[in-house]
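Comments concern the structure below.
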Amino acid sequence: MGNSMLKILHRIPAFLGLQRSTFGLLCMVILVGMGERMAERFLPIYLIALGGSAVSIEVLVS
């Protein structure tokens, strides 16, 4: 199974017409974007758990 997954990962950049470095950059942008969305969702809850005030959460959300 590992060998077939490796072949698929090598074929995706070729299918999209991307070089290896450009494909790596695209993957990093997607991962950072996903992390940012997670932070938007869970950071206010984390601040409340740490004892943050409503003002600090409003500053974060706005």
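Tabulated data
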{"item": "Choice from 37, 20, 11 with maximal GNM fluctuation in the chain (Cα, 10 Å cutoff)", "result": "11"}
{"item": "Structure-derived Cα Rg over 2.2 N^0.38 Å - corresponding label in (1) 1.21; (2) 1.97; (3) 1.80", "result": "(3)"}
{"item": "Listed residues 31, 50, 18, most fluctuating in the chain (Gaussian network, C-alpha, under 10 Å)", "result": "50"}
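Read-outs: derived from the displayed coordinates by stated rules, not from any lab. No experiment lies behind these values; they were computed from the predicted model shown.
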